[in-house]
1. Taking Rh as the Kirkwood radius, which is the inverse of the mean 1/r over Cα pairs, what is the Rg/Rh value for the stretch 198-299?
2. Are any of the pairs Lys522/Lys572; Lys249/Lys302; Lys435/Lys565; Lys444/Lys516; Lys129/Lys205; Lys196/Lys258 more than 29 Å apart by Cα-Cα distance, and if so, which?
3. Using the Kirkwood radius built from alpha carbon pairs, what does the Stokes-Einstein equation give as D for the stretch 119-228 at 37 °C and 0.692 mPa s, in µm² per second?
4. Using label points projected 7 Å from each Cα along Cα→Cβ, tell me how many nm separate Ile406 and Lys249, to one decimal.
5. Past the 20 Å Cα-Cα mark, which pairs from Lys30/Lys141; Lys428/Lys534; Lys225/Lys301?
6. Helix 555-571 against the longest principal axis of the chain: what's the angle in degrees, Cα atoms only, rounded to the nearest 10?
7. Report the per residue volume, in Å³, of the convex hull enclosing the C-alpha atoms of the stretch 167-245.
8. Eigenvalues of the Cα gyration tensor times 5, then square-rooted: what semi-axes does that give for the stretch 337-392, in whole angstrom, largest first?
Amino acid sequence: MKKSLLAVLFLVIIRIFSQDIPAQNQGLVKDPFFNNQNPQEQSGKKVQHKHSDTFGVSPDKYEGNPVFSGNVVFEQQGSVLTANEVVWYQKENFLKAIGNVVLTSADGSRITAAEMEYDGNTQRGIARKNVVLTDPKQTIKTETLYYDKIPNTAYFNTGGTIYSNDGSVMYTKSATYNLNSKMIDFVGRSNIETDKYTIVSDNIKQNQNTGVSDFFGPTTIRDKKNPINYVYTEQGSYNSKTGESFLNKNSRIHNNGKILTGDKLYFNRNTGFGKGTGNVMLDDPREKRYIKGGYGEIYEKKDSAMITDKPYFVKIFANDSLYMSADKFLTFQRQDSANSLKKKSFLRAFRKVRIFKSNMQGRSDSLSFNETDGEMHMMRKPILWMGAKQVTGDEIRVYSNPEKEITDSIRVLGNAFAISKADSLNIKDEFNQIKSKNMMVYLKDNAIDIAKAVGNAQAITYADDTNEKTKEVTRIGVALSTCGEIVAHFTEKKLEQVDCNIGANTDTYPMSKISKDQRFFKDFNWNTKDRPQKWGDIFLDTPNYPEIVYESDNSLFDRAEAERKKLEEKNKPKTPVRVKK
(Lines give C-alpha, C1' and ligand atoms only; values in the text may rest on other atoms or scores of the structure.)
Protein backbone atom coordinates (compact mmCIF):
# COMPACT_ATOMS: atom_id res chain seq x y z
CA MET A 1 0.00 0.00 0.00
CA LYS A 2 2.84 2.37 0.92
CA LYS A 3 4.63 1.66 -2.37
CA SER A 4 1.45 2.45 -4.34
CA LEU A 5 1.03 5.75 -2.49
CA LEU A 6 4.63 6.68 -3.18
CA ALA A 7 4.20 5.93 -6.86
CA VAL A 8 1.07 8.05 -7.09
CA LEU A 9 2.79 10.86 -5.20
CA PHE A 10 5.76 10.67 -7.60
CA LEU A 11 3.52 10.99 -10.66
CA VAL A 12 1.66 13.93 -9.13
CA ILE A 13 4.91 15.75 -8.41
CA ILE A 14 6.12 15.13 -11.98
CA ARG A 15 2.84 16.53 -13.24
CA ILE A 16 3.26 19.58 -11.04
CA PHE A 17 6.81 20.14 -12.30
CA SER A 18 5.67 19.78 -15.89
CA GLN A 19 3.07 22.52 -15.32
CA ASP A 20 4.75 24.93 -12.95
CA ILE A 21 8.50 24.99 -13.73
CA PRO A 22 8.76 25.75 -17.47
CA ALA A 23 9.04 29.45 -16.81
CA GLN A 24 12.40 28.79 -15.11
CA ASN A 25 13.86 26.93 -18.13
CA GLN A 26 14.78 30.01 -20.12
CA GLY A 27 18.44 29.66 -19.19
CA LEU A 28 19.13 26.45 -21.12
CA VAL A 29 21.94 26.91 -23.62
CA LYS A 30 22.15 24.24 -26.32
CA ASP A 31 25.04 23.30 -28.54
CA PRO A 32 24.50 24.60 -32.12
CA PHE A 33 24.29 20.95 -33.18
CA PHE A 34 20.79 20.85 -31.73
CA ASN A 35 19.55 23.77 -33.79
CA ASN A 36 16.68 22.50 -35.89
CA GLN A 37 17.56 22.70 -39.57
CA ASN A 38 14.38 21.06 -40.88
CA PRO A 39 10.93 21.80 -39.42
CA GLN A 40 9.86 18.28 -40.30
CA GLU A 41 12.38 17.00 -37.76
CA GLN A 42 10.22 18.55 -35.04
CA SER A 43 8.34 15.26 -34.87
CA GLY A 44 10.01 13.67 -31.90
CA LYS A 45 7.64 12.63 -29.14
CA LYS A 46 8.20 13.66 -25.58
CA VAL A 47 10.86 11.65 -23.79
CA GLN A 48 9.38 9.54 -21.07
CA HIS A 49 10.77 8.89 -17.63
CA LYS A 50 10.66 5.20 -16.83
CA HIS A 51 12.60 4.84 -13.62
CA SER A 52 14.92 6.47 -11.12
CA ASP A 53 15.78 5.82 -7.51
CA THR A 54 15.32 9.46 -6.48
CA PHE A 55 14.50 12.86 -7.86
CA GLY A 56 14.56 16.41 -6.69
CA VAL A 57 14.58 20.10 -7.56
CA SER A 58 17.11 22.76 -6.63
CA PRO A 59 16.13 26.32 -7.60
CA ASP A 60 19.76 27.39 -7.95
CA LYS A 61 20.80 24.40 -10.04
CA TYR A 62 19.89 23.41 -13.61
CA GLU A 63 17.49 26.34 -13.86
CA GLY A 64 15.19 24.65 -11.37
CA ASN A 65 14.50 21.62 -13.55
CA PRO A 66 13.99 18.19 -11.98
CA VAL A 67 17.03 15.99 -11.44
CA PHE A 68 16.66 12.19 -11.40
CA SER A 69 19.32 10.06 -9.76
CA GLY A 70 20.16 6.38 -9.37
CA ASN A 71 19.47 3.88 -12.16
CA VAL A 72 17.72 6.50 -14.21
CA VAL A 73 15.84 5.29 -17.31
CA PHE A 74 14.30 7.46 -20.03
CA GLU A 75 12.75 6.21 -23.27
CA GLN A 76 11.68 7.65 -26.63
CA GLN A 77 10.34 5.74 -29.62
CA GLY A 78 12.37 2.60 -28.94
CA SER A 79 15.52 4.37 -27.79
CA VAL A 80 16.44 3.90 -24.13
CA LEU A 81 18.77 6.18 -22.15
CA THR A 82 20.19 5.13 -18.78
CA ALA A 83 22.51 7.08 -16.46
CA ASN A 84 23.44 7.77 -12.87
CA GLU A 85 21.83 11.21 -13.06
CA VAL A 86 19.58 12.99 -15.55
CA VAL A 87 18.40 16.60 -15.70
CA TRP A 88 15.06 16.86 -17.49
CA TYR A 89 14.26 20.10 -19.30
CA GLN A 90 10.61 19.30 -19.90
CA LYS A 91 9.65 22.36 -21.96
CA GLU A 92 12.51 21.81 -24.37
CA ASN A 93 12.07 18.03 -24.30
CA PHE A 94 15.80 17.92 -23.51
CA LEU A 95 17.93 15.72 -21.26
CA LYS A 96 21.35 16.08 -19.68
CA ALA A 97 22.69 12.71 -18.53
CA ILE A 98 25.69 12.35 -16.23
CA GLY A 99 27.66 9.25 -15.21
CA ASN A 100 27.63 5.81 -16.85
CA VAL A 101 25.43 7.04 -19.65
CA VAL A 102 24.11 4.44 -22.10
CA LEU A 103 21.90 5.17 -25.12
CA THR A 104 20.52 2.04 -26.75
CA SER A 105 18.66 2.31 -30.06
CA ALA A 106 16.02 0.00 -31.45
CA ASP A 107 18.46 -1.25 -34.11
CA GLY A 108 20.76 -2.60 -31.40
CA SER A 109 23.42 0.09 -31.56
CA ARG A 110 24.70 1.37 -28.24
CA ILE A 111 26.47 4.55 -27.13
CA THR A 112 28.23 4.77 -23.76
CA ALA A 113 29.80 7.91 -22.30
CA ALA A 114 30.47 9.82 -19.12
CA GLU A 115 28.05 12.56 -20.18
CA MET A 116 25.36 13.03 -22.79
CA GLU A 117 22.89 15.65 -23.96
CA TYR A 118 19.81 14.51 -25.85
CA ASP A 119 17.20 16.60 -27.66
CA GLY A 120 13.92 14.72 -27.92
CA ASN A 121 12.57 17.07 -30.58
CA THR A 122 15.36 16.65 -33.13
CA GLN A 123 16.34 13.25 -31.73
CA ARG A 124 19.97 14.33 -31.69
CA GLY A 125 22.49 13.69 -28.96
CA ILE A 126 26.02 14.66 -27.97
CA ALA A 127 28.06 12.14 -25.95
CA ARG A 128 31.23 13.29 -24.21
CA LYS A 129 34.18 11.72 -22.38
CA ASN A 130 35.25 8.14 -23.08
CA VAL A 131 32.56 7.69 -25.70
CA VAL A 132 32.05 4.21 -27.17
CA LEU A 133 29.59 3.38 -29.97
CA THR A 134 29.01 -0.27 -30.71
CA ASP A 135 26.87 -2.03 -33.30
CA PRO A 136 26.99 -5.47 -34.93
CA LYS A 137 29.76 -4.34 -37.31
CA GLN A 138 32.19 -2.34 -35.21
CA THR A 139 33.12 -0.28 -32.16
CA ILE A 140 33.94 3.43 -32.26
CA LYS A 141 35.90 5.14 -29.47
CA THR A 142 36.25 8.92 -29.24
CA GLU A 143 35.93 11.84 -26.80
CA THR A 144 32.92 13.62 -28.32
CA LEU A 145 30.28 11.98 -30.53
CA TYR A 146 27.39 13.70 -32.28
CA TYR A 147 24.41 11.39 -32.86
CA ASP A 148 21.41 12.04 -35.12
CA LYS A 149 18.72 9.37 -34.87
CA ILE A 150 16.53 10.39 -37.86
CA PRO A 151 19.22 9.64 -40.51
CA ASN A 152 20.78 7.34 -37.89
CA THR A 153 24.27 8.83 -38.19
CA ALA A 154 27.09 9.44 -35.72
CA TYR A 155 29.84 12.02 -36.21
CA PHE A 156 33.04 12.94 -34.37
CA ASN A 157 35.89 15.40 -35.02
CA THR A 158 37.95 14.95 -31.88
CA GLY A 159 39.91 11.98 -33.17
CA GLY A 160 38.74 8.44 -32.84
CA THR A 161 39.53 4.75 -33.14
CA ILE A 162 37.23 2.30 -34.93
CA TYR A 163 37.53 -1.43 -34.25
CA SER A 164 35.90 -3.48 -36.99
CA ASN A 165 34.64 -7.00 -36.44
CA ASP A 166 36.97 -8.23 -39.20
CA GLY A 167 39.93 -7.32 -36.98
CA SER A 168 40.91 -4.08 -38.67
CA VAL A 169 41.53 -0.92 -36.65
CA MET A 170 40.92 2.58 -38.04
CA TYR A 171 42.37 5.84 -36.77
CA THR A 172 40.98 9.17 -37.92
CA LYS A 173 40.50 12.77 -36.82
CA SER A 174 36.97 13.07 -38.14
CA ALA A 175 34.36 10.64 -39.44
CA THR A 176 30.64 10.20 -40.04
CA TYR A 177 29.04 6.78 -39.60
CA ASN A 178 25.66 5.86 -41.06
CA LEU A 179 24.31 3.08 -38.85
CA ASN A 180 21.70 2.06 -41.45
CA SER A 181 23.94 1.71 -44.50
CA LYS A 182 27.03 0.88 -42.39
CA MET A 183 28.95 3.48 -44.38
CA ILE A 184 31.81 5.40 -42.74
CA ASP A 185 32.99 8.67 -44.27
CA PHE A 186 36.51 9.54 -43.05
CA VAL A 187 37.53 13.17 -43.48
CA GLY A 188 41.20 14.12 -43.26
CA ARG A 189 44.22 11.87 -42.89
CA SER A 190 43.07 8.41 -41.73
CA ASN A 191 44.70 5.03 -41.10
CA ILE A 192 43.29 1.52 -41.44
CA GLU A 193 45.43 -1.18 -39.84
CA THR A 194 45.07 -4.92 -40.37
CA ASP A 195 47.45 -7.76 -39.66
CA LYS A 196 48.53 -7.79 -43.33
CA TYR A 197 48.38 -4.21 -44.61
CA THR A 198 48.01 -0.53 -43.72
CA ILE A 199 45.83 2.03 -45.54
CA VAL A 200 46.64 5.73 -45.20
CA SER A 201 44.29 8.13 -46.97
CA ASP A 202 43.12 11.74 -46.94
CA ASN A 203 39.51 10.72 -47.60
CA ILE A 204 37.95 7.28 -47.25
CA LYS A 205 34.38 6.07 -47.51
CA GLN A 206 34.07 2.52 -46.23
CA ASN A 207 31.07 0.18 -46.41
CA GLN A 208 31.14 -2.17 -43.46
CA ASN A 209 28.68 -4.56 -45.13
CA THR A 210 30.60 -5.05 -48.38
CA GLY A 211 34.10 -4.35 -47.04
CA VAL A 212 34.67 -1.87 -49.89
CA SER A 213 36.63 1.33 -49.21
CA ASP A 214 36.41 4.17 -51.72
CA PHE A 215 39.25 6.72 -51.85
CA PHE A 216 38.89 10.37 -52.88
CA GLY A 217 42.38 11.69 -52.12
CA PRO A 218 46.01 10.57 -51.86
CA THR A 219 45.93 6.98 -50.56
CA THR A 220 48.54 4.31 -49.85
CA ILE A 221 47.88 0.61 -49.19
CA ARG A 222 51.12 -0.91 -47.86
CA ASP A 223 52.04 -4.55 -47.30
CA LYS A 224 53.18 -5.05 -43.68
CA LYS A 225 55.26 -8.14 -44.43
CA ASN A 226 57.11 -6.43 -47.29
CA PRO A 227 56.72 -2.64 -46.83
CA ILE A 228 58.40 -1.78 -50.15
CA ASN A 229 55.34 -3.29 -51.85
CA TYR A 230 52.38 -0.92 -51.87
CA VAL A 231 49.80 0.73 -54.10
CA TYR A 232 49.11 4.46 -54.36
CA THR A 233 46.11 6.23 -55.85
CA GLU A 234 44.24 9.51 -55.66
CA GLN A 235 40.93 7.94 -56.60
CA GLY A 236 39.97 4.29 -56.36
CA SER A 237 38.58 1.53 -54.20
CA TYR A 238 39.69 -1.47 -52.17
CA ASN A 239 37.69 -4.59 -51.26
CA SER A 240 38.96 -6.02 -47.98
CA LYS A 241 37.06 -9.28 -48.54
CA THR A 242 38.57 -10.07 -51.93
CA GLY A 243 41.82 -8.09 -51.56
CA GLU A 244 41.16 -6.27 -54.86
CA SER A 245 42.15 -2.66 -55.56
CA PHE A 246 40.76 -0.60 -58.45
CA LEU A 247 42.91 2.50 -58.97
CA ASN A 248 41.72 5.23 -61.31
CA LYS A 249 43.78 8.42 -60.89
CA ASN A 250 47.53 9.10 -60.62
CA SER A 251 47.99 5.53 -59.46
CA ARG A 252 51.06 3.36 -58.90
CA ILE A 253 51.74 -0.24 -57.93
CA HIS A 254 55.12 -0.67 -56.22
CA ASN A 255 56.27 -4.26 -56.58
CA ASN A 256 59.69 -5.44 -55.37
CA GLY A 257 61.39 -2.18 -56.30
CA LYS A 258 59.54 -1.79 -59.62
CA ILE A 259 56.74 0.70 -60.24
CA LEU A 260 53.74 0.10 -62.50
CA THR A 261 51.70 3.15 -63.53
CA GLY A 262 48.79 3.58 -65.94
CA ASP A 263 45.52 5.37 -66.57
CA LYS A 264 43.69 2.59 -64.73
CA LEU A 265 45.26 -0.06 -62.49
CA TYR A 266 44.05 -3.23 -60.78
CA PHE A 267 45.80 -5.17 -58.03
CA ASN A 268 44.81 -8.25 -56.04
CA ARG A 269 46.68 -8.34 -52.74
CA ASN A 270 45.81 -12.01 -52.14
CA THR A 271 47.15 -13.32 -55.45
CA GLY A 272 49.80 -10.64 -56.04
CA PHE A 273 48.46 -10.06 -59.56
CA GLY A 274 48.14 -6.55 -60.96
CA LYS A 275 47.44 -5.00 -64.34
CA GLY A 276 47.27 -1.61 -65.97
CA THR A 277 45.67 -0.13 -69.08
CA GLY A 278 46.33 3.11 -70.95
CA ASN A 279 49.75 4.81 -70.87
CA VAL A 280 51.27 1.99 -68.84
CA MET A 281 54.85 2.30 -67.62
CA LEU A 282 56.93 -0.23 -65.70
CA ASP A 283 59.81 1.63 -64.06
CA ASP A 284 62.79 -0.15 -62.50
CA PRO A 285 65.02 2.52 -60.88
CA ARG A 286 67.57 -0.05 -59.75
CA GLU A 287 68.17 -1.20 -63.33
CA LYS A 288 67.89 2.39 -64.61
CA ARG A 289 65.29 1.41 -67.17
CA TYR A 290 61.60 1.60 -67.91
CA ILE A 291 59.13 -0.02 -70.30
CA LYS A 292 56.10 1.79 -71.72
CA GLY A 293 53.06 0.34 -73.50
CA GLY A 294 49.28 0.24 -73.62
CA TYR A 295 48.82 -2.76 -71.30
CA GLY A 296 50.84 -4.33 -68.50
CA GLU A 297 50.69 -7.05 -65.85
CA ILE A 298 52.72 -7.75 -62.72
CA TYR A 299 53.06 -10.96 -60.73
CA GLU A 300 54.30 -10.14 -57.24
CA LYS A 301 54.80 -13.73 -56.10
CA LYS A 302 56.77 -14.60 -59.25
CA ASP A 303 58.58 -11.25 -59.16
CA SER A 304 57.83 -10.71 -62.83
CA ALA A 305 55.96 -8.35 -65.15
CA MET A 306 54.71 -8.20 -68.75
CA ILE A 307 54.15 -5.18 -71.01
CA THR A 308 52.44 -5.28 -74.41
CA ASP A 309 50.36 -3.14 -76.81
CA LYS A 310 53.07 -1.27 -78.73
CA PRO A 311 55.62 -1.40 -75.91
CA TYR A 312 59.13 -0.02 -75.89
CA PHE A 313 62.07 -0.32 -73.52
CA VAL A 314 64.59 2.37 -72.49
CA LYS A 315 67.74 1.69 -70.48
CA ILE A 316 69.61 4.77 -69.36
CA PHE A 317 73.41 4.92 -69.26
CA ALA A 318 75.67 7.73 -68.13
CA ASN A 319 76.36 9.00 -71.65
CA ASP A 320 73.81 7.16 -73.77
CA SER A 321 70.56 5.21 -73.75
CA LEU A 322 69.46 1.87 -75.19
CA TYR A 323 66.05 1.86 -76.94
CA MET A 324 64.20 -1.30 -77.85
CA SER A 325 60.76 -2.23 -79.19
CA ALA A 326 58.96 -5.56 -79.57
CA ASP A 327 55.44 -6.98 -79.56
CA LYS A 328 55.82 -8.02 -75.91
CA PHE A 329 58.30 -7.62 -73.05
CA LEU A 330 58.60 -9.90 -70.03
CA THR A 331 60.80 -9.03 -67.03
CA PHE A 332 61.58 -11.15 -64.00
CA GLN A 333 64.09 -11.65 -61.21
CA ARG A 334 65.76 -14.86 -60.07
CA GLN A 335 67.97 -15.74 -57.12
CA ASP A 336 71.69 -15.35 -57.76
CA SER A 337 73.18 -18.85 -57.55
CA ALA A 338 76.45 -17.37 -56.30
CA ASN A 339 74.86 -15.14 -53.64
CA SER A 340 71.49 -16.06 -52.13
CA LEU A 341 71.09 -12.51 -50.81
CA LYS A 342 71.03 -11.05 -54.31
CA LYS A 343 68.74 -11.35 -57.30
CA LYS A 344 69.45 -11.06 -61.00
CA SER A 345 67.20 -9.17 -63.41
CA PHE A 346 66.19 -10.61 -66.77
CA LEU A 347 64.31 -9.28 -69.80
CA ARG A 348 62.64 -11.19 -72.62
CA ALA A 349 61.44 -9.53 -75.83
CA PHE A 350 59.19 -11.38 -78.29
CA ARG A 351 58.70 -10.76 -82.01
CA LYS A 352 59.92 -7.88 -84.11
CA VAL A 353 62.72 -6.77 -81.80
CA ARG A 354 64.32 -3.48 -82.82
CA ILE A 355 67.33 -1.95 -81.02
CA PHE A 356 68.86 1.50 -81.20
CA LYS A 357 71.91 2.79 -79.38
CA SER A 358 74.23 5.49 -80.68
CA ASN A 359 77.07 3.02 -81.29
CA MET A 360 75.02 -0.14 -81.92
CA GLN A 361 71.77 -1.02 -83.68
CA GLY A 362 70.07 -4.35 -84.18
CA ARG A 363 67.07 -6.41 -85.23
CA SER A 364 65.91 -9.92 -84.44
CA ASP A 365 62.74 -11.92 -83.93
CA SER A 366 63.30 -12.38 -80.18
CA LEU A 367 65.76 -11.39 -77.47
CA SER A 368 66.92 -12.44 -74.01
CA PHE A 369 68.77 -9.99 -71.77
CA ASN A 370 70.48 -10.66 -68.44
CA GLU A 371 70.58 -7.07 -67.21
CA THR A 372 72.57 -7.87 -64.07
CA ASP A 373 75.45 -9.55 -65.94
CA GLY A 374 75.08 -7.53 -69.13
CA GLU A 375 74.51 -10.52 -71.45
CA MET A 376 72.11 -10.12 -74.39
CA HIS A 377 71.04 -12.93 -76.75
CA MET A 378 69.50 -11.99 -80.12
CA MET A 379 67.74 -14.95 -81.73
CA ARG A 380 66.12 -15.84 -85.07
CA LYS A 381 67.57 -13.90 -87.99
CA PRO A 382 69.51 -11.42 -85.87
CA ILE A 383 71.46 -8.59 -87.42
CA LEU A 384 73.75 -6.18 -85.59
CA TRP A 385 75.33 -2.97 -86.86
CA MET A 386 78.30 -1.18 -85.32
CA GLY A 387 79.61 1.79 -87.27
CA ALA A 388 80.44 0.63 -90.80
CA LYS A 389 80.21 -3.02 -89.76
CA GLN A 390 77.42 -5.57 -89.90
CA VAL A 391 77.16 -8.98 -88.21
CA THR A 392 74.59 -11.72 -88.87
CA GLY A 393 74.16 -15.33 -87.77
CA ASP A 394 71.74 -17.84 -86.26
CA GLU A 395 72.21 -16.23 -82.83
CA ILE A 396 74.14 -13.19 -81.68
CA ARG A 397 75.24 -12.75 -78.07
CA VAL A 398 76.40 -9.35 -76.81
CA TYR A 399 78.44 -9.21 -73.58
CA SER A 400 78.72 -5.90 -71.70
CA ASN A 401 80.18 -4.60 -68.46
CA PRO A 402 77.20 -3.11 -66.54
CA GLU A 403 79.43 -1.14 -64.16
CA LYS A 404 81.61 0.42 -66.86
CA GLU A 405 78.67 0.57 -69.29
CA ILE A 406 80.74 -0.70 -72.22
CA THR A 407 80.40 -3.66 -74.58
CA ASP A 408 83.19 -6.21 -74.12
CA SER A 409 82.56 -8.78 -76.82
CA ILE A 410 80.10 -10.26 -79.31
CA ARG A 411 79.65 -13.96 -80.03
CA VAL A 412 77.93 -15.24 -83.16
CA LEU A 413 76.66 -18.82 -83.14
CA GLY A 414 75.91 -20.57 -86.43
CA ASN A 415 76.37 -19.14 -89.94
CA ALA A 416 78.41 -16.22 -88.67
CA PHE A 417 78.93 -13.53 -91.28
CA ALA A 418 80.72 -10.24 -90.60
CA ILE A 419 80.87 -7.45 -93.16
CA SER A 420 82.76 -4.17 -92.89
CA LYS A 421 83.30 -1.38 -95.31
CA ALA A 422 86.90 -1.46 -96.58
CA ASP A 423 86.91 2.33 -96.51
CA SER A 424 84.01 4.01 -94.75
CA LEU A 425 84.95 7.37 -96.33
CA ASN A 426 83.94 6.37 -99.86
CA ILE A 427 80.95 4.74 -101.52
CA LYS A 428 82.82 2.08 -103.43
CA ASP A 429 81.40 -1.44 -103.26
CA GLU A 430 84.46 -2.72 -101.42
CA PHE A 431 83.67 -4.80 -98.32
CA ASN A 432 85.80 -6.97 -96.08
CA GLN A 433 83.90 -10.20 -95.37
CA ILE A 434 84.47 -13.03 -92.92
CA LYS A 435 82.35 -16.17 -92.72
CA SER A 436 82.56 -19.13 -90.36
CA LYS A 437 80.53 -21.50 -88.24
CA ASN A 438 81.05 -19.39 -85.10
CA MET A 439 82.69 -16.06 -84.41
CA MET A 440 83.97 -14.02 -81.46
CA VAL A 441 84.34 -10.26 -81.73
CA TYR A 442 86.32 -8.45 -79.01
CA LEU A 443 85.80 -4.74 -78.46
CA LYS A 444 87.95 -2.02 -76.98
CA ASP A 445 86.39 1.31 -76.02
CA ASN A 446 83.12 0.14 -77.63
CA ALA A 447 84.89 -0.40 -80.98
CA ILE A 448 85.88 -3.72 -82.62
CA ASP A 449 89.46 -4.68 -81.80
CA ILE A 450 89.77 -8.34 -82.81
CA ALA A 451 87.43 -10.71 -84.66
CA LYS A 452 88.06 -14.45 -84.46
CA ALA A 453 86.23 -16.77 -86.87
CA VAL A 454 86.28 -20.50 -86.06
CA GLY A 455 85.10 -23.44 -88.14
CA ASN A 456 85.15 -23.46 -91.96
CA ALA A 457 86.40 -19.90 -91.89
CA GLN A 458 86.48 -17.91 -95.11
CA ALA A 459 87.47 -14.33 -95.77
CA ILE A 460 87.48 -11.80 -98.55
CA THR A 461 89.67 -8.89 -97.54
CA TYR A 462 91.16 -5.92 -99.30
CA ALA A 463 94.91 -5.43 -99.10
CA ASP A 464 96.45 -1.95 -99.12
CA ASP A 465 99.97 -0.62 -99.11
CA THR A 466 100.99 2.66 -97.51
CA ASN A 467 103.91 4.69 -98.85
CA GLU A 468 106.10 5.46 -95.85
CA LYS A 469 107.19 8.80 -97.26
CA THR A 470 103.99 10.16 -98.75
CA LYS A 471 101.62 8.14 -96.53
CA GLU A 472 99.57 7.54 -99.65
CA VAL A 473 97.50 4.36 -99.57
CA THR A 474 97.49 2.17 -102.64
CA ARG A 475 95.12 -0.72 -103.19
CA ILE A 476 97.19 -3.87 -103.77
CA GLY A 477 94.41 -6.33 -104.34
CA VAL A 478 92.00 -8.75 -102.69
CA ALA A 479 92.90 -11.76 -100.53
CA LEU A 480 90.74 -14.88 -100.57
CA SER A 481 91.34 -17.01 -97.49
CA THR A 482 90.09 -20.41 -96.38
CA CYS A 483 91.25 -21.94 -93.12
CA GLY A 484 90.14 -23.43 -89.81
CA GLU A 485 90.51 -20.14 -87.94
CA ILE A 486 90.73 -16.54 -89.02
CA VAL A 487 91.85 -13.73 -86.72
CA ALA A 488 91.21 -10.20 -87.92
CA HIS A 489 92.85 -7.22 -86.21
CA PHE A 490 91.36 -3.73 -86.36
CA THR A 491 93.15 -0.42 -85.83
CA GLU A 492 91.19 2.78 -85.45
CA LYS A 493 88.01 0.91 -86.50
CA LYS A 494 89.65 -0.27 -89.74
CA LEU A 495 90.72 -3.80 -90.66
CA GLU A 496 94.51 -3.83 -90.39
CA GLN A 497 95.64 -7.44 -90.49
CA VAL A 498 94.16 -10.88 -91.17
CA ASP A 499 95.80 -14.05 -89.87
CA CYS A 500 94.71 -17.35 -91.38
CA ASN A 501 95.48 -20.33 -89.10
CA ILE A 502 94.94 -24.10 -89.18
CA GLY A 503 95.06 -25.39 -92.73
CA ALA A 504 95.67 -21.94 -94.12
CA ASN A 505 95.06 -21.26 -97.77
CA THR A 506 95.31 -17.63 -98.82
CA ASP A 507 95.57 -16.24 -102.33
CA THR A 508 95.98 -12.56 -103.02
CA TYR A 509 94.86 -11.23 -106.37
CA PRO A 510 95.65 -7.82 -107.80
CA MET A 511 92.58 -5.80 -108.74
CA SER A 512 93.29 -6.55 -112.37
CA LYS A 513 92.91 -10.28 -111.82
CA ILE A 514 89.78 -10.55 -109.69
CA SER A 515 86.32 -9.81 -110.98
CA LYS A 516 83.55 -8.03 -109.11
CA ASP A 517 81.60 -11.29 -108.61
CA GLN A 518 84.62 -12.93 -106.99
CA ARG A 519 84.84 -10.10 -104.44
CA PHE A 520 81.52 -11.07 -102.79
CA PHE A 521 80.28 -14.21 -101.09
CA LYS A 522 77.08 -15.52 -102.65
CA ASP A 523 74.99 -14.76 -99.52
CA PHE A 524 76.39 -11.23 -99.16
CA ASN A 525 73.66 -8.83 -97.90
CA TRP A 526 74.75 -5.38 -96.80
CA ASN A 527 71.49 -4.05 -95.31
CA THR A 528 71.06 -0.30 -95.07
CA LYS A 529 67.30 0.14 -95.51
CA ASP A 530 66.39 -1.76 -92.29
CA ARG A 531 69.03 -0.21 -90.05
CA PRO A 532 67.59 2.21 -87.42
CA GLN A 533 69.22 5.61 -87.76
CA LYS A 534 67.34 7.27 -84.87
CA TRP A 535 65.55 5.90 -81.83
CA GLY A 536 62.09 6.49 -83.31
CA ASP A 537 62.88 3.94 -86.03
CA ILE A 538 62.42 1.10 -83.52
CA PHE A 539 58.63 1.44 -83.93
CA LEU A 540 58.79 0.56 -87.63
CA ASP A 541 58.95 -2.91 -89.15
CA THR A 542 61.52 -1.31 -91.40
CA PRO A 543 62.53 2.36 -91.69
CA ASN A 544 62.86 1.54 -95.41
CA TYR A 545 65.65 4.02 -95.95
CA PRO A 546 66.84 4.32 -99.55
CA GLU A 547 69.48 1.74 -100.32
CA ILE A 548 72.92 3.28 -100.65
CA VAL A 549 74.06 3.00 -104.23
CA TYR A 550 77.71 2.04 -104.22
CA GLU A 551 80.07 2.64 -107.11
CA SER A 552 81.59 -0.42 -108.64
CA ASP A 553 85.15 -0.01 -109.93
CA ASN A 554 85.95 -2.96 -112.15
CA SER A 555 88.02 -0.98 -114.69
CA LEU A 556 91.40 -2.63 -114.00
CA PHE A 557 89.93 -6.10 -114.33
CA ASP A 558 87.98 -5.14 -117.45
CA ARG A 559 91.08 -3.68 -119.15
CA ALA A 560 93.20 -6.64 -118.16
CA GLU A 561 90.48 -9.02 -119.33
CA ALA A 562 90.34 -7.22 -122.67
CA GLU A 563 94.13 -7.47 -123.00
CA ARG A 564 94.02 -11.17 -122.17
CA LYS A 565 91.38 -11.75 -124.80
CA LYS A 566 93.44 -9.88 -127.37
CA LEU A 567 96.48 -11.91 -126.44
CA GLU A 568 94.55 -15.13 -126.64
CA GLU A 569 93.21 -14.12 -129.98
CA LYS A 570 96.70 -13.23 -131.19
CA ASN A 571 98.22 -16.48 -129.98
CA LYS A 572 95.58 -18.67 -131.54
CA PRO A 573 97.12 -20.99 -134.14
CA LYS A 574 96.20 -20.01 -137.70
CA THR A 575 94.14 -22.55 -139.61
CA PRO A 576 95.32 -23.01 -143.25
CA VAL A 577 92.81 -21.95 -145.86
CA ARG A 578 91.79 -24.75 -148.21
CA VAL A 579 91.48 -23.93 -151.87
CA LYS A 580 89.17 -25.97 -154.05
CA LYS A 581 90.72 -27.27 -157.21
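1. Rg divided by Rh gives 0.96.
2. Over 29 Å Cα-Cα: Lys522/Lys572; Lys435/Lys565; Lys444/Lys516.
3. My calculation gives 230 µm²/s for D.
4. Inter-label distance under the simple model: 5.1 nm.
5. Violating the 20 Å Cα-Cα cut-off are Lys30/Lys141; Lys428/Lys534.
6. It works out to around 30 degrees.
7. Convex hull of Cα atoms, per residue: 82 Å³.
8. Those come to 25, 13, 9 Å.
The values are calculated or read from the model by the stated rules, or taken from the named source; none is laboratory data. This one's a predicted model, so the numbers in the text were calculated from it and none came from an experiment. Cβ sites come from the backbone with ideal geometry, for glycine too, and all protein chains shown count toward neighbours. What goes into the accessible areas is simple: the full protein's heavy atoms, side chains included, and nothing from ligands, DNA or RNA. Shrake-Rupley method; radii C 1.70, N 1.55, O 1.52, S 1.80 Å.
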